[in-house]
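The values are calculated or read from the model by the stated rules, or taken from the named source; none is laboratory data. What you are looking at is a predicted structure, and each value in this text was computed from that prediction instead of being measured. Reconstructed Cβ throughout: ideal geometry from the backbone, glycine too, with neighbour counts over all protein chains shown. With ligands, DNA and RNA removed, areas are computed over all heavy atoms of the protein, side chains included. Shrake-Rupley method; radii C 1.70, N 1.55, O 1.52, S 1.80 Å.
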Amino acid sequence: MADQTSNQMWGGRFAAGPDAIMEAINASIGFDQRLAAQDIAGSRAHAAMLAATGIISDSDAEAIREGLLTILSEIEGGTFSFSTALEDIHMNVEARLKELIGEPAGRLHTARSRNDQVATDFKLWVREQLDAAESGLLALIRVLLAQAEAGADWVMPGFTHLQTAQPVTWGHHMMAYVEMFGRDLSRVRDARARMNECPLGAAALAGTSFPIDREMTARALGFDRPAANSLDAVSDRDFALEFLSVASISAMHLSRLAEELVIWSSAQFRFVTLSDRFSTGSSIMPQKKNPDAAELIRAKVGRIFGANAALMMVMKGLPLAYSKDMQEDKEQVFDAADNWMLALAAMEGMVRDMTANREALAAAAGSGFSTATDLADWLVRVPGLPFREAHHVTGALVAMAERQGCDLPELSLEDMQSVHPGITADVYTVLGVENSVNSRMSYGGTAPARVREQIERWKGIVG
């Protein structure tokens, strides 16, 4: 009766009882098999070092090398049989190696623990993802530069609070995203440089008494140096957290651009047309063209943010050194990496293919009294009004234009002088949107000449 009750408690899936449950919760092979190539690379480097230092024989090292290459071929060919009973990628590879080469396989794990092994594998994988992110960001920056160059002098409204603020240029707006993704690129490169220390050789937590050469394995795996503290080496997951942090900030930038593409491609704005390759139709409304790729990028941010928060929670209470909790690091990072790379690629495609509607941008640029600030600045610069008074006069002129149903440049000089007698015909030189953007010549401003300077600067950076 007790056994029956126990089985009911465990549930049908775990009818075998506690052993089945322990196997299910303990095993990570369902996801860490993605580390197979890195695991084999680390083992090859370790075996070569063991032979070079005389810890194992050259013949054993050669057998291990050949066996590992066979296993890699089996995994890449889809013929490798992964076993949950063997827990993880490390034990699956080691068990298959023993089947292939026999006794020498048992010498591979000399002077090594699964603790430093998994830290090394995971670092190698994250490093590859940072390299992929760098490529994706460079591609995105280049297509943004192409859009900016094509429309360096196309006027459009600039917004604050999503309300028309001042005229800017299409090129200037595109270059704002170049700056944002450029910072992401800098963070990616910075994170990669900081994490490029090799944990291999830290063993379980205290190092090893074998005369290993950690510099050799670090060099073989492309690391700058061995990690300097064995306790830290096996328990550090800062590299994964920093990857998720960088991914989160970049995903937030992608989401902001995605939101603008959703708004801009609407019938109410018509600022851009997205290509059919990154849009879908409606199942019931034949006129619809939905910016689904942009919307999905906007949604994927939640998964990446969630992964960042989840791994922070896993790590926050762990004493040194390794704890099994850290097995929960990989799924979060894998999912975030997949979604970040996909979002980067989709955004690069959308920006490359999209067409900006110059006429719609220009028509919107002059709406909403967008040159009001230019008028206020002129009142300070020419008649010499204090800015607060100039602000008040401009507000009165805006109210007058609203009553007349026109924009500021359409007010007569007589009307303007009725509000302030110091206004002259010279004011009309600053009121047009073209005049407005051309006047913004400060460094970083929207004047086409300044935009083109920034485009050339960034071309020099990204090639």
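Which one of these is more than 25 Å from residue 237 (Cβ to Cβ) and of a type in the set (Phe, Trp, Tyr): 122, 80?
80
Here residue 400 meets the list (1) touching a His at 6+ places or on another chain (Cβ under 8 Å); (2) farther than 14 Å from residue 172 by Cβ; (3) open to solvent by less than 30 Å² (accessible area, probe 1.4 Å) almost entirely, failing just condition (1).
Restricting 455, 423, 461 to residues that are open to solvent by less than 50 Å² (accessible area, probe 1.4 Å), part of a helix (DSSP H, G or I) and among the hydrophobic types (A, V, I, L, M, F, W, C) narrows the list to 455. Of all the residues in the stretch 195-217, those that are hydrophobic (A, V, I, L, M, F, W, C) and within 15 Å of residue 43 (Cβ to Cβ) number 5. Per the listing 39, 32, the residue uniquely open to solvent by less than 10 Å² (accessible area, probe 1.4 Å), modelled with pLDDT under 95 and part of a helix (DSSP H, G or I) is 32. When the residues of the stretch 426-447 are filtered to those that are assigned to a helix (DSSP H, G or I) and either of a type in the set (Val, Ile, Thr) or assigned by the TED database to the domain that holds residue 166 (or both), which remaining residue is most open to solvent (accessible area, probe 1.4 Å)? Within the stretch 426-447, the match that is most open to solvent (accessible area, probe 1.4 Å) is 429. Contact annotation: residue pairs with Cβ atoms under 8 Å, 6 or more positions apart or on different chains, pairing a residue in the stretch 50-78 that is assigned by the TED database to the domain that holds residue 89 with a partner that is surrounded by fewer than 13 Cβ atoms within 10 Å (Cβ to Cβ) and not in a helix (DSSP H, G or I), are 53/211; 54/211; 55/211. Looking at the stretch 403-420, which of the residues that are open to solvent by 40 Å² or more (accessible area, probe 1.4 Å) and in a loop (DSSP other than H, G, I, E, B) is farthest from residue 378 (Cα to Cα)? Filtering first and then ranking leaves 405.
Within the span defined as the stretch 267-287, one or more residues are modelled with pLDDT under 90, in contact with a Lys or Arg (Cβ under 7 Å, 6 or more places away or on another chain) and among the hydroxyl-bearing types (Ser, Thr, Tyr).
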